[in-house]
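Working notes, structure below.
The values are calculated or read from the model by the stated rules, or taken from the named source; none is laboratory data. Just so it is clear, the model here is predicted, and its values are computed rather than measured. A quick note on method: Cβ atoms are made from the backbone with ideal geometry, for glycine too, and the neighbour counts reach across all protein chains shown.
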Amino acid sequence: MSRELVVALSGGIGGAKLALGLSRIVQPENLLVVANVGDDFEHLGLRISPDADTLMYTLAGLDNTKLGWGRRDETWSFMETLASIGGEDWFRLGDRDLAVHIERTRRLQGGETLSAIAADFCHRLGVGPRVLPATDDRLRTRLRTDEGWLDFQDYFVRLQCRPAVRELHFEGAETARPHPDLLAALRDERLRAVVICPSNPFISVEPILAVAGMRQALSACAAPVVAVSPIIGGRAVKGPTAKMMRELGMTPSAAAVAERYRDLIDGYVMDMEDAEEAARVRPKATLAQTLMTSLAEREELARVVLAAADAHAYTKGGRDIVA
C-alpha cells in the first residue's frame, strides 16, 4: 500500500513555514495540519484562534510577511477607533482579520464546532490541505511567572514575554478529546509521517500533546514521528523559546529540544550550524538548513523532513513497514 498521508503538528509562524513547504510537495488531500489551540482566547467578546488563523493565512497566500502575523494588505480603522474611545488595544486586530473572528464567534454561538468552521474558512480561502484544530474542546495555556499565573496572551502579547516563566499548565487538557479525524489519520495505513514542526515546544507543540490520549496515539501509530528543531545555534529563530528554556532550567540548544521529545520521535532534523551537537542527539539527527527565508527553502526542508521519516520507516516500533 502506498503511504502518502502526512500529519503535521504546528503552532503559528515557524510551524506555518514548514507547513507551507509540505503543501508544495504533498498532495492537498494527503496533508493534515494540526493546529495548536492553547493560544485561543476570548477578547472583546470574540473567539480568537491565532495559530489556526496563521496557518490558514499562510497556506492561502494571505499572510502578512512584514508583521509576521495577521493578513497582508491589512487596514487598522477598527483599532484606531477603539483606542480613541478608550477600548483595549493591546491585542491588535486588523479590519480584515476582524471579520474572521466575528464570523467564527457567530457560528460557534450557533452550535458549530471550531473544526467545522476552520474547514469552511479554509475552503472559501482556497486552502487545499486541511487545517484541523487539535481538539474542539476548550484548552488554554497558562503560565506561572514571577508575576503570578498569566493567561497565554497576557504573557505573550500584553507583556511581550517579559515575565520569567516557571511552570506551564494546559487548562482543560485532561478532559479535552483529540479530534476524531486526527486519531483516524494516526491509525490510517496510508500514514507516511508525523511531522512536529519547528514551533515552540512549550507553548505550541506541548498543548497539542497534552490533549488526553494524544501521546498514546502518536506512540501507537505505525509511521515515523520526526521533529524539527526550532533552535539554531542556541537561539530561537523567532519568539521566546530560548528564553523560556533558560527560565525552566534548560540549556537552549537543539539537543535539549530533542531530549524533550525523545519519548515520541523516531527522527530529528536540526540545523547544520549545530553539527557538533548531533553526536549526542538521540534518535540520530539529520542535518539540514532549517532557517527558512524563502519559499524554496521551505520546500527543501519539507523534502529533507520526509526523507528522514522514510529512512526510519522500516524500523518504527521494531516493525517493518512498507514505505
| Does Thr251 satisfy the condition of being among the β-branched types (Val, Ile, Thr) and more than 23 Å from Gly21 (Cα to Cα)? | yes
| message | Looking for something in contact (Cβ under 8 Å) with a residue 24 or more places away in the chain, buried (at least 20 other Cβ atoms within 10 Å of the Cβ), touching a Gly at 6+ places or on another chain (Cβ under 7 Å) and in a strand (DSSP E or B) - is there at least one such residue anywhere in the stretch 223-244? | response | yes
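Every residue, every condition in (1) modelled with pLDDT of 95 or more; (2) among the hydroxyl-bearing types (Ser, Thr, Tyr), yes or no:
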residue	(1), (2)
Thr54	yes, yes
Leu59	yes, no
Leu62	yes, no
Thr65	no, yes
Trp69	no, no
Arg72	no, no
Ala83	yes, no
Phe91	yes, no
Leu98	yes, no
| field | Long-range neighbours under 6 Å by Cβ, at least six apart or interchain, first residue in contact (Cβ under 8 Å) with a residue 40 or more places away in the chain within the stretch 38-51, second aliphatic (A, V, I, L, M) and in a strand (DSSP E or B) | value | Phe41/Ile48; Asp51/Ala35
| Of all the residues that make up the stretch 211-222, how many are buried (at least 21 other Cβ atoms within 10 Å of the Cβ) and not in a helix (DSSP H, G or I)? | 1
| task | Please verify whether the stretch 258-273 includes one or more residues that are of a type outside the set (Ser, Thr, Tyr), under 18 Å from the mean Cα position of the chain (by Cα), part of a strand (DSSP E or B) and modelled with pLDDT under 95. | result | no
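Each row is one residue, and each column tells you yes or no for (1) more than 24 Å from Leu191 (Cα to Cα); (2) within 14 Å of the chain's Cα centre (by Cα); (3) assigned to a helix (DSSP H, G or I).
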{"site": "Val6", "(1), (2), (3)": "no, no, no"}
{"site": "Leu9", "(1), (2), (3)": "no, yes, no"}
{"site": "Leu18", "(1), (2), (3)": "no, yes, yes"}
{"site": "Arg24", "(1), (2), (3)": "no, no, yes"}
{"site": "Leu32", "(1), (2), (3)": "no, yes, no"}
{"site": "Asp39", "(1), (2), (3)": "yes, yes, no"}
{"site": "Leu55", "(1), (2), (3)": "no, yes, yes"}
{"site": "Leu59", "(1), (2), (3)": "no, yes, yes"}
| request: Pairs only if they're at least six apart or on different chains, beta carbon under 8 angstrom, first in the stretch 71-87 and in contact (Cβ under 8 Å) with a residue 24 or more places away in the chain and closer than 22 Å to Thr54 by Cβ, second of a type outside the set (Ser, Thr, Tyr) and in a helix (DSSP H, G or I); list them, first residue then second. | output: Arg71/Arg96; Arg71/Asp97
| Matching residues in the stretch 164-213 - criterion: being free of Cβ contacts under 8 Å to residues at least 40 places away in the same chain and in contact with a Ser or Thr (Cβ under 8 Å, 6 or more places away or on another chain) | Leu168, His169, Glu171, Ala212
| said: Which residue is nearest to Gly14 (Cα to Cα), if the candidates are limited to the stretch 63-97 and must be crowded, with 18+ Cβ neighbours inside 10 Å and touching a Phe, Trp or Tyr at 6+ places or on another chain (Cβ under 7 Å)? | reply: Asp63
| query | Which condition number does Ile102 fail, the rest of (1) aliphatic (A, V, I, L, M); (2) under 16 Å from the mean Cα position of the chain (by Cα); (3) part of a helix (DSSP H, G or I) being met? | reply | (2)
| field | Test set (1) free of Cβ contacts under 8 Å to residues at least 40 places away in the same chain; (2) in contact with a helix residue (DSSP H, G or I) (Cβ under 6 Å, 6 or more places away or on another chain) - Asp136 fails condition number | value | (1)
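Listed here are the residues, each with its yes/no results for (1) closer than 21 Å to Phe156 by Cα; (2) surrounded by fewer than 22 Cβ atoms within 10 Å (Cβ to Cβ).
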site	(1), (2)
Leu248	yes, yes
Thr293	no, yes
Ala302	no, no
Val305	no, no
